[in-house]
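Each value in this text was obtained by applying a stated rule to the coordinates, not by laboratory testing. Note that the structure is a prediction, hence the values are computed from the model and not measured. Cβ: placed from backbone, ideal geometry, glycine included. Neighbour counts: every protein chain shown.
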Protein chains: 2
Amino acid sequence: MIIEYALIFVNEIRISFLYNGGRRIPYRKLVYSMTSKKEIMAYLKQEILSLELKPGAMISETALSERFQLSRTPIRDVLKQLALEQYVDIYPKKGNLVSYIDLESVEQIIYLRNVLEKEIMKSLAGNFPLKGLHMLKDNLAQQQRCIEQEEGAEVFLQLDDQFHRTMFGLAGREFLWGVLQQFNVHYIRYRKLHMLKDEKLAAIRQEHQQLLDYIVQGDTARIDELVHHHLRADIDSKNLQEHFATYIKK
Amino acid sequence: MIIEYALIFVNEIRISFLYNGGRRIPYRKLVYSMTSKKEIMAYLKQEILSLELKPGAMISETALSERFQLSRTPIRDVLKQLALEQYVDIYPKKGNLVSYIDLESVEQIIYLRNVLEKEIMKSLAGNFPLKGLHMLKDNLAQQQRCIEQEEGAEVFLQLDDQFHRTMFGLAGREFLWGVLQQFNVHYIRYRKLHMLKDEKLAAIRQEHQQLLDYIVQGDTARIDELVHHHLRADIDSKNLQEHFATYIKK
DNA sequence: GAATCATATCTTGTATACAAGTTCATTCTA
DNA sequence: TAGAATGAACTTGTATACAAGATATGATTC
């Protein structure tokens, strides 16, 4: 981007202006370094979801303020938003804690996904767009590769999300995928703690494959039962309670 | 509440303390007047949902600040939260506007409710708790009364919400009702603009009655089609576009 | 007269000082 | 020594001054 500029001093005091394609912008703008609020937000979210920041960990405003070289005000904005999305619990005058994993929320969200996907896949059954078929088959191939080369559950889960998201998109329900995303802090961390073994991954991929087949064939009845099984299968909160008791909300 | 107090001056300067049942509280606490953030929040939400604050209306921080006698900081907190729940759109350095009604969102949320309720009612079919039956029958009676005495759509819609909410509760899905609530700014305002006529209300009540019957009988098949019809029935965005074009998001 | 520039006046964004609540360790007192 | 009182050192909450962007209006310049 080419910037024509003109430095103009007014009243011997005022700050001069730069001109960018006729548009006037303050000089300071260019000097700005800064990590923006959005970046900080994304960064913290990532740290919380990956469990680097453990449930119950305290994140104080002043600490973040120093770390990101920003005043407390914008930091507070970020924390407020994280609280609304349940990444963080704010205890007034005490501190901000990374939220504990709420198994109730996990169960409810899984149920919601379950119900929604069943309906979405049934609506896709029969009249399935060809383009979508390619995307999903490609995704399944990647899942296969991921398993064979043992790239780990992390990568696989991303592919899994992409698979389901594509389904939502094809049915014109991307909006609802977004709704789900806003409530899955607990679900994502829960899923991560399960540390799925490879055999399990293979089984999941197999089910994905089957689902796709049923949809193409238009076999709504079998979709019904398989979706139900697909999402329920890996709930095992007892195991979780034992090993990660300190992460769980009481 | 009885307060024992002791005024203690330290260093001739420090502010004294009050004692409330052994608990130490600062003196200033009692002098605090103030409408709290929560109250302001509720107030603004009500004004927006009732369309007193029209979509597109500007609500500036300084204006609110003067109105509620609070500094901009807490006001900003409130606006941030309202923005996250889509009551308000924030345009940086320009202003905060009451959000326009987003028909896409309305359609998606109706679909979501549709799908969820179908599943929930089916799960209730057959094994319906007696207590719930009483509550719902009572609600239906109130709906009847509301129609006969022409108390208006406003009251009826509240009863309608209560009816559906009770269903969610009985199925142990209150959490998901909460999820829906967080996304229904557009839906509620949309519904309000329809200004349902009395015949329509009667029809809706009739359907509620029928739904309850089917559930008690355990007739899942008919639940399926009726729920579908029940929520779809009053979508008529063409009419809306004509009369309230300025309220709608483009 | 038209286009550009300057400025006043709005808006929200940020930094910062201070207020207020919590917690904990220390001091004082009985 | 036990227990209450006190203060220091945290935390977040609020008020406020100022920065920065947007916008409209009037001045300047050609």
### Message
Under a Cβ-only charge scheme (Lys and Arg +1, Asp and Glu -1), can you give me the dipole magnitude of region A:37-98 about the Cα centre, in debye to the nearest 20?
### Response
180 debye
### Query
Taking every residue in B:80-91, how many Cβ atoms of other protein chains lie within 10 Å of its Cβ, on average?
1
### Task
Please report, largest first and rounded to whole Å, the three semi-axes of the ellipsoid equivalent to region A:103-247, where each semi-axis is the square root of five times an eigenvalue of the C-alpha gyration tensor.
25, 18, 14
### Query
Put a point 7 Å out from Cα along the line to Cβ at residue B:209; what are the distances to that point in the other copies, in nm, shortest first?
5.5
### Message
What does the structure give for B:167-179 when I average, per residue, the other chain Cβ atoms found within 10 Å of the residue Cβ?
### Response
3
#### Entry: Within region A:71-100, trypsin sites (Lys or Arg not before Pro) in DSSP loop having at most 13 other beta-carbon neighbours inside 10 Å
A:93, A:94
### Task
Using the 7 Å Cα-to-Cβ label point, sort the distances from residue A:39 to its equivalents in the other copies shortest first and give them in nm to one decimal.
4.2
### Task
Note the full-extension length gain between residue A:149 and residue A:135 as 0.36 nm times their separation in residues minus their Cα-Cα distance, in nm to one decimal.
2.9 nm
### Query
Using 7 Å Cα-to-Cβ label points, what is the residue A:217/residue A:243 separation (nm, one decimal)?
3.5 nm
### Query
If you take the alpha carbon radius of gyration of region B:37-98 and divide it by 2.2 N^0.38 Å, what ratio comes out, to two decimals?
0.99
